[in-house]
Each structure stands twice: as structure tokens, then as C-alpha cells.
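Data first, discussion second: the structure below is written as C-alpha cells.
Where a number appears in this text, it was derived from the coordinates with a stated rule and is not lab data. Since the structure is predicted, the reported quantities are computational estimates derived from the model, not experimental observations. Cβ sites come from the backbone with ideal geometry, for glycine too, and all protein chains shown count toward neighbours.
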Amino acid sequence: MTGGKNRITIHAILDHLSRAYPEARILLDYRNSFELLVATVLAAQCTDERVNRVTPALFARYPDPESFAAASLEELEQAVRPTGFFRNKAKAIRSLSEVLVVRHGGKVPDTMEALTDLPGVGRKTASILLGGWFGKNALPVDTHVGRVAFRLGLTASMVADRIERDLAAVIPEGKWWSGATLMGWHGRQVCASRTPRCGSCGLAGACPRAGVTRIR
């Protein structure tokens, strides 16, 4: 990484973030891999807090892939309506549930290829399942991770797949999951999209975009 007043290594960045956010974790509420999968799909273009208000009643009514697969699409749409884009999300959740039942015996698979083969599941969602539930090396890039990586000069791209490749090249593989989780928390707590709190950021002295409110 270059830029800012000083140079800083990825190890120093992760060390600072790990000390700043010892509580960093997935903010979605879930009890098993399927609930995490559904909650992550619902979290697209929606806050984790809002999703967490919807999922208790949703999972009480539809506790497994079989019940989601058999659900009325109209009823499912109304159940997830508060999360936004509810028609697309309801269709994706019912479709992926059908695939889980037919191809995987109702179990959530634990490979990137099988997960991204599910309707509505991209690399970010798959990576959250792989790292957050299955404990595998995975590097999910959401808007927060991408923004922090761009501002810190760890990538020159705002495209998720390219950001993932750039970060994978500089973050040690064993720290992909923890690194992405920490960067996501930093993006939520300090490095916000419109009003980054650079004055309270411990990385500002080495950040090439400190004080810049627009990422482009």
C-alpha cells in the first residue's frame, strides 16, 4: 500500500483493526447454515438490523428448506417485504430452497461452486457461508469491505470480484475471513460512505484518501 503520510503494511492494518474491533462478527442472527443463507440473501440492500427483525417470525413459519420450497410465493413476499426488493428475494429464497431439497437433501453445501450454483447466491453470500459457518478460508466483499479497501489503497477497483482478488493477494490466506470481517466493521463504525470519521480513525495518517468524502 502506498500514499498518505506514511506507508503501512496489511499486517499493521489488520493488527490495528483487530485491536479496535475485538467484537467483530457477523451481525445477522441465525442458528444454522440455512438460516444464515436466507438471512444473507435478505440482507442485500438492507440493514442487518432490519433483517434480524424479520427473520424470527419468518423462520418460525418456515423452519427449513422444505417448508420454504412449499411456501406460497405471495405469502413469502409479504413475509420478507420489510427487507426491500421483496419479490426478487422471495423468489430467490424459494428457488434456492427447492434446489437444496432436490440436489442436496435439504442441506446447505460447503463449497463455493455448489453455493454459487444456488439461485440468488453470489460469491459474497457464498463466502459468508463458507467463512461464517463452515470455518473455511473465504473473503466476502460487501460494500463496506470494498469501500475500506479502496480508500486504504488496497485496490484500485470498485468491482467486488476484482477487490476480492486484490485483497486475496495481500492478506495472508489464513486471515481472509477475519480480515474481511474487521474491514467490514471499520466501514460501518468509522469509514462510512458519505461521512467518514477520519478524525477518529487510527489509520488516517497512512490513508491515501483521508478526508475525502467521495470514493470517486
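Among the trypsin sites (Lys or Arg not before Pro) within the range 101-138, those in coil by DSSP and having at most 13 neighbouring Cβ atoms inside 10 Å are LYS107. A straight Cα-to-Cα reach below 17 Å connects LYS91 with the aspartates and glutamates GLU35, ASP64, GLU66, GLU74, GLU75, GLU77, ASP117, residues fewer than 8 places away in its own chain not being considered. Relative to the longest principal axis of the chain, what angle (0 to 90°, nearest 10) does the C-alpha long axis of helix 160-170 take? Approximately 50 degrees, to the nearest ten. With contributions of -39500 (n - 2.57) from each DSSP H run of at least four residues, the per-residue ellipticity at 222 nm computed over the chain stands at -16000 deg cm²/dmol.
For the chain, the longest principal axis of the Cα atoms and the long axis of helix 86-104 meet at an angle of about 70 degrees. Computed from point charges on the beta carbon alone (+1 for Lys and Arg, -1 for Asp and Glu), the dipole magnitude for the chain about its Cα centre is near 1000 Debye. Quick check on the range 33-132: take the gyration tensor over C-alpha atoms, sort the square-rooted eigenvalues as a ≥ b ≥ c, and tell me if it's rounded (a/c under 1.5), prolate or oblate. Since a/c reaches 1.5 but b/c is at least a/b, the shape of the range 33-132 is classed as oblate. Angle of helix 10-20 to the longest C-alpha principal axis of the chain, folded into 0 to 90 degrees and rounded to 10: 70°.
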